[in-house]
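Have a look at the structure below, then the notes.
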Amino acid sequence: MTLQEKIKKYGLNQQDWFQHKHYTIITRMGIDKIQAYEKIKIDFEAVTTEPEFCVVKATGTKDALIVQTFGSAKYGAKAWNKERNNGKGGWDEFGNCTTWYVMEMAEKRAMSRAVLKITGFYELGVFGEDESEDFNPQPEPVAKPKVVIEKDSKEFLAIIKWVIEGKKDKDGNIKHGTIEQAKTLYSISEAVETSLKQKIQSLTEITG
């Protein structure tokens, strides 16, 4: 069964899975859906319990199929070390979990692995969101708001100069701007756009 066939089978939507770099990731909600659909029974056993490090064994059972796997969590982040790799830099990793709830995180990771192993997702290169904090979905970049152009402001005058006199490109050629190009860079109201056109036309007639 292909990945898309599995996604359809378990009724996974955009909140249940996403693409992250080279891997497909199933979210916590998606793992719960898959477990419920397949009626997978999970038994947990604490293997290691320390203040900053925990290991949990999960035994997943689906009919006659039994899978055992482990989840671990060590408190600590990672820091950039510019001295690594002969001065090229690299990450020093002090742990794989930045929350103090290391036992809970180890349990989630063990459960995720058990569910994905039983259902064959691992064979397709699919991982659970909880298995690594690097697998968390990246937020969409927030667009920087455009500067609002007011009549006779320095930006207003700069646009006029750009349209009439132009600017040199990287090859030294003069390239004249347009109001339409300016509108992709700035927030220009209809009234200010009209003023720009009138001013440009007036100055063009004088210099022409």
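The values are calculated or read from the model by the stated rules, or taken from the named source; none is laboratory data. Bear in mind the structure is a predicted one, so any value in this text is a computation, not a measurement. Because the Cβ atoms are built from the backbone with ideal geometry, glycine has one as well, and the counts that use them run over all protein chains shown.
Quick one: would you say G60 is outside any strand (DSSP E or B) and touching a strand residue (DSSP E or B) at 6+ places or on another chain (Cβ under 8 Å)?
no
In the range 8-28, which residue that is touching a helix residue (DSSP H, G or I) at 6+ places or on another chain (Cβ under 9 Å) and in a helix (DSSP H, G or I) is nearest to E129 (Cα to Cα)?
The initial filter retains those residues of the range 8-28 that are touching a helix residue (DSSP H, G or I) at 6+ places or on another chain (Cβ under 9 Å), namely 9-13, 15-18, 20-21, 23-28.
Now narrow it down to the ones that are in a helix (DSSP H, G or I): 9, 28.
Numbers: K9: 20, R28: 6 Å.
Step by step, filter the range 8-28, then rank; the result is R28.
Tell me the residue from K183, K170 that is of a type in the set (K, R) and surrounded by 14 or more Cβ atoms within 10 Å (Cβ to Cβ), please.
K183
I need the full set of residues from the range 36-56 which are loosely packed, with under 12 Cβ neighbours inside 10 Å and outside any strand (DSSP E or B), in order please.
Across the range 36-56, the qualifying residues are A36, K39, P51.
Determine whether K33 is surrounded by 18 or more Cβ atoms within 10 Å (Cβ to Cβ), free of Cβ contacts under 8 Å to residues at least 40 places away in the same chain and within 27 Å of F121 (Cα to Cα). Step through it out loud before you land on a result.
Values: surrounded by 18 or more Cβ atoms within 10 Å (Cβ to Cβ): yes; free of Cβ contacts under 8 Å to residues at least 40 places away in the same chain: yes; within 27 Å of F121 (Cα to Cα): yes.
Yes: the conditions hold for K33.
With (1) modelled with pLDDT under 95; (2) among the hydroxyl-bearing types (S, T, Y); (3) surrounded by 13 or more Cβ atoms within 10 Å (Cβ to Cβ); (4) in the same structural domain as E50 (by TED's automatic domain parsing) as the list, and S112 as the residue in question, which single condition is left unmet?
(1)
Considering only the range 165-195, state which residues are of a type outside the set (K, R), without any contact (Cβ under 8 Å) to a residue 12 or more places away in the chain and over 15 Å from V148 (Cβ atoms).
Hits for the range 165-195 are E165, G166, D169, D171, G172, N173, I174, E180, Q181, T194.
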